[in-house]
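Everything on this sheet refers to the single structure shown next.
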Amino acid sequence: MPCERKPMRYGHSEGHTEVCFDDTGRFIVTCGNDGDVRIWESLDDDDPKFITVGEKAYSLALKNGKLVTASSNNTVQIHTFPDGDPDGILTRFTTNATHVAFNSIGSRVAAGSSDFMVKVVEVSDSSQQKTLRGHEAPVLSVAFDPKDDFLASASCDGSVVVWNIEEQTQVISWPLLQKSNDVTNTKSLCRLAWQPGMGKFLAVPVETKVHLYERGSWGHVSTLSDDLLTQPINVVSWSPCERFLAAGCVGGLLTVWDVNSKLCVERQKHEKGFTVCSLAWHPSGSQIAYTDTEGCLGLLDGLGTSTADNNTTKQVAAKKPAKDYDDLFDDDDDRLMDEGLSDTKSPAKKAVGWDDDDDDFLVPATGRVKNRGTFLDDENSLDTGSLKLGQDKFWDDDAGSSVAPAAAPVAPLRPVYEGPVPTPPQKAFQPGSTPAHLTHRFMMWNSVGIVRGYNDEQDNAIDVEFHDTAVHHAMHLTNSLGHTVADLSQEAVLLACPSTEELASKLQCLHFSSWDTNKEWMVDLPKGEDVRALCLGQGWAAIATSTLMIRLFSIGGVQRELFSLPGPVVCMAGHGEQLLIVYHRATGFDGEQALGVQLLQFSRKKRQLISGEPLPLSQKSYLSWLGFTAEGTPCYVDSDGVVRMLNRSLGNTWTPVCNTRETCKSKSDHYWVVGVHENPQQLRCIPCKGSRYPPTLPRPAVAILPFKLPLCQTTTEKGQMEEQFWRSVLFHNHYSFLSSSGYEIDEDAQNQSQKEQQELLMKMFALSCKLEREFRCVELAEMMTQNVVTLAIRYASRSRRMALAQRLSEIALEKSNQMQEEEQEEQEEEPEYSSTRRSSGYGHTDVTAGGRYSRRQNRQEEQEDEEERGEELMEEEDGQEMEPEEATETKKRVNPFAKEAGSPIKPSPTPIGKMGRANPFKVPGLGKMSASSSQPRVTNILDNMTSSKKSAQLSSSGGKPSKSPILKPLAPKPKTKTQSTLLQMAATKTSNKKAQENTEPAANLQKRSDTPPPAPPADNSENKRPKTGFQLWLEENRKSILADNPDLEETDVIKEAMGRFRTLSAEERLSWTERAKGQSGDAADLKKRKRAEGGEGLENENEKAEADESSAKKMSLDPSSKLSAFAFNQN
């Protein structure tokens, strides 16, 4: 390789100087210590054009008419070339940048700095930056992998690091260099260089040799050396043909090796022995420009390989028939597009577009690329071209580089396509695994255990470790087949390896839970079909293959169903009977991934729950984890850290429940998710500092993050309660799904969640009342259960919001009717379970059936209750008036759901009767709630809401928690121990016992529905109740009322009596009350006598009640009557 060394010439002032050629090879561009960039047309150009970029220029890079420089003002600037117009600042550092480099297509710039950081910046949008942290000293050099997947950097800390650009993580680090404290003091600048084209080798100057490392395996494959090299090599550069590597040394020696033969083919010595600090190949490969530390520029000319290679290429092309052009150049098409139309194997073709010789346009490769859609005529061909490119990449397993439009067109004769750019589809991955290229990696980390893979010089093995050793002991497996994907369940370990030229792709299962002795099975896939993803469920395994197929197996190895996917799989997850698959449904554009999701359930009746719906991701993000919660709800995480969960109650939509980025301290920190739990609400993940995934050693610690729905204004009290409520609803949806799928569920936990939701609704209701948002109160009441609506009515009435209370009473009635209809439907469908039906949704309370039985109640007792309640109402609120028609309407509402007369002996735990002096909204149907098994929840809610009023309410509460919805004020009675503990159900055994007893009538309701209630319980309940002043007055005046109105029925008599009693003065009413208290000792005898009188008509009354069944159901409820008692209940 004979060449001519041209004489050196002055370029810049003394100091570090850099050089490069432009894309055409027409200009030599240098920068130096004087802060100028000079553009030389040749070495003999005595009047070069110059651009001043700062006080000092440390480094430069040139691509696609963009000149990027690192200057002394700590910035990386961009100028147009060759005009030199400023085009803005790409990025800044806290100290000066030391080296800049373009990627192969000119879309990104990498810059290393003395502040230890490396930044990768998009040229078109400088806000799109990635920062690579990890060096512990100033960065010496940076170099892009031609495929744009990796970036290599060298540092004064002695390390050479390869970074994964997208994940911003270190792939590997080699401690190769001598450490120093600054770029100016380092022995070698260690300018790295990737081999052009496929980027097979990375050249690293180490002392007096050049080490070559292989891409992917990152193994040290060879060393280039020369006996004449006695001083450290400063800089290396590959020839455009990929065959030769040039090196410049500290002592001024220039050396060129043939990489294939590892022989030195050229040696040249700097004329003054100065250090060579930069060198660059001409695009044709015929020249090398170099600069030294004194600011001088030199040139080696006549490096003779290029011409021979170019001529050979032309001759081969000319001999080939035209029809074989496609075959001849197909292999290079993708790379041509990726690298801005540079066929790296043919140096001459790089300069084709700018060469004055028109014959160069005959080179077939250029014409071929032109025809493939780089210069397109119309809109349709634009789209076709880009889609064609996208699909070429779509199906290519090795497609790691961006599909980008051609940069630096060969001949800008026609407009270049500038529309949306196809996004490279993300490759298939296994959730819970770290990248496959690592020598030590996690193959799976899930809620069952951890599978680690080791693939280094000493060992190729797999370790399986279980979180719970009761499932199985740890296992050590030799990985002779080279398995790359794994999954782990309570039953088995599933492994798969890719195919090789000789062997098929294999699926291996270690079924350790098998009861027989053969615990392992293996399946070979058909030729040309590789496993891309796999997962395990309960009793089954699934794999997704490269032929867009899903294959199902039983856990014992029986082949089951198989079906096709609409696109290449991204990942899969299994849980119980559910299989979740995410795949590419189309080509994404402008950084977006277009993913689809399918959810299948393999129960007795196999069905598809989600069929190919688009999977929502954050903008310009990709999927990073997919799985199920421990309770079986699908969820996933994207690269922006947003966790989304399936909301089954909202039509299988995806709700964001957490953003892990909010808890990261730095942009380069991430959380690696390993599990999700709904109860308790926990996101289990591993914090990764400066990385997207953890190392295997030391063993990572699992952190627990809380969930938070991204609702608005969560700093306010209202926003916090809303977020808590909807999060509780979402995270307890799994109960209904599990019960509908036939699983047993934790009813205590379900009841607790319903209680929690109702408490939050009540708190929000109280807050809205305080803010005078009554319409909002009604909206909240719509979401409450019937019991809690009753409490809301009471709260509204005490807050003197009568209009609100009236609207709430209508809601309560509506809910009551709705529950009654549902109960009837349930009775028809499941009559044997009608009396012990369990609640399935958080919005409904448990109710008992038995309207017919409850209507067979002793009406005499009802009338007495009416009298007592009416008496108490009037005693408490003398200043208020009750309209006669309201009283009449009240009396006419016979309770079709009232419990048997004996039930008051066993007080219900419901607080409704205890909390207020009167409940005017106990309308027909509302009484159902008394029989609810979930009433203790309401008690606690009320405790939280009105704990400050407890004593006052207890002192005025009545003795009988009535089941009747009729307006009946409770008779006053001294507070007993049992009563006081009813509001704290867990406080005493007494109340617990009574709560259990109270469920007996509900459970036996259907059985006893045909037998009339016995009289003695009525006696007992009556005997316990002291007589009120109104009752005493009614007994003495009943005859006079009947004399005036002989045709009146009993209900009308009481109505008339209440009207007359109301007309008495307050003093007279008080005197009647005092007399009633004085006669309380004789109450038992009076009640017995009255029972004897009423006993004869009991049968008739029961028959009459049955006859009135239909009319009682349809009875109209005047809103005024619902509010009748509130006139007497304002504290």
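The values are calculated or read from the model by the stated rules, or taken from the named source; none is laboratory data. What you see is a predicted model; the values in this text were computed from it and never measured. Cβ coordinates were reconstructed from backbone atoms using ideal geometry, including for glycine residues, and neighbour counts include every protein chain displayed. Surface areas here come from the heavy atoms of the whole protein model, side chains and all, with no ligands, DNA or RNA. Shrake-Rupley method; radii C 1.70, N 1.55, O 1.52, S 1.80 Å.
Sorting check: for 200-207, 72-79, 8-15, which peptide has the highest mean count of neighbouring beta carbons within 10 Å, and how do the rest follow? Don't jump to the answer; show the numbers that get you there.
Numbers: 200-207: 21.5, 72-79: 20.0, 8-15: 16.8.
Most protected by this proxy first, the peptides run 200-207, 72-79, 8-15.
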Here the gain from full extension of T714 to E1050, 0.36 nm per residue of separation minus their alpha-carbon distance, amounts to 115.2 nm
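Please list the equivalent ellipsoid semi-axes of segment 201-241, computed as the square roots of five times the alpha-carbon gyration tensor eigenvalues, in descending order and whole angstrom.
On the way: eigenvalues 73, 31, 14 Å².
Semi-axes (√(5λ), whole Å): 19, 12, 8.
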Quick calc, segment 691-731, dipole around Cα centre from Cβ unit charges on Lys, Arg (+) and Asp, Glu (-), nearest 20 debye, gives 260 debye
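Pull out the extension gain between S72 and N460, defined as 0.36 nm times the separation in residues minus the alpha carbon to alpha carbon distance; nm, one decimal. Mind showing how you got there, number by number?
Values: separation 388, 0.36 × 388 = 139.68 nm, distance 4.94 nm.
Residue separation times 0.36 nm, minus the Cα-Cα distance, leaves 134.7 nm.
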Ignoring ligands and nucleic acids, W726 exposes an accessible area, probe 1.4 Å, in Å² to the nearest 10, of 110 Å²
SASA check, K1027, accessible area w/ 1.4 Å probe, all protein chains in place, rounded to nearest 10 Å², comes out at 20 Å²
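Classify segment 256-297: rounded, prolate or oblate, from the alpha-carbon gyration tensor (a ≥ b ≥ c, eigenvalue square roots; a/c under 1.5 rounded; otherwise prolate if a/b is larger than b/c)?
Details: a/c = 2.76, a/b = 1.58, b/c = 1.75.
Note, shape of segment 256-297 comes out oblate.
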Log10 I(q)/I(0) at q = 0.14, 0.19, 0.22 Å⁻¹ for segment 37-165, from Debye over equal alpha-carbon scatterers, is -0.58, -1.01, -1.28
Counting only protein heavy atoms and rolling a 1.4 Å probe, one gets per residue an accessible area for segment 1-160 in Å² of 36 Å²
Placing each pseudo-label 7 Å from Cα in the direction of the beta carbon, E501 and T24 end up separated by a distance in nanometres of 4.5 nm
Here Rg/Rh (Cα, Kirkwood) for segment 649-725 equals 1.04
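Given R₀ = 56 Å, what would the calculated FRET efficiency be for E782 paired with D85, taking r from the Cβ atoms and rounding to 0.05?
Values: r = 65 Å, r/R0 = 1.15.
Computed FRET efficiency for E782 and D85 comes out at 0.30.
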The whole-number value in µm²/s of the Stokes-Einstein translational diffusion coefficient for segment 593-649, with Rh from the Kirkwood sum over alpha carbon pairs at 20 °C and 1.002 mPa s, is 173 µm²/s
Once H584, H437 are ranked on solvent-accessible area with the largest value leading and a 1.4 Å probe, the list reads H437, H584
Order by accessible surface, 1.4 Å probe, largest leading, for residues E136, E822 comes to E136, E822
Neighbours of H220 by Cβ distance under 13 Å: Lys/Arg at +1, Asp/Glu at -1, summed charge 0
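With N set to the number of residues, divide the alpha-carbon radius of gyration of segment 515-601 by 2.2 N^0.38 Å and report two decimals.
Values: Rg = 14.4 Å, N = 87, 2.2 N^0.38 = 12.0 Å.
Dividing the Cα Rg of segment 515-601 by 2.2 N^0.38 Å gives 1.20.
State the antiparallel share, in %, of DSSP beta bridges confined to segment 552-629, rounding to the nearest 5.
Details: 20 of 20 bridges.
Of the beta bridges lying entirely in segment 552-629, close to 100 percent run antiparallel.
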Distance in nm between V416 and K620 label points, each 7 Å along Cα→Cβ, equals 2.0 nm
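Go through 417-426, 174-183 and give me the packing order, highest mean Cβ count within 10 Å leading. Before the final figure, lay out the partial values.
Numbers: 417-426: 18.1, 174-183: 15.6.
Going from most to least packed, we get 417-426, 174-183.
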Taking a crude spin-label model, label points 7 Å out from Cα along the C-beta direction, the R773 to S217 distance in nm is 6.6 nm
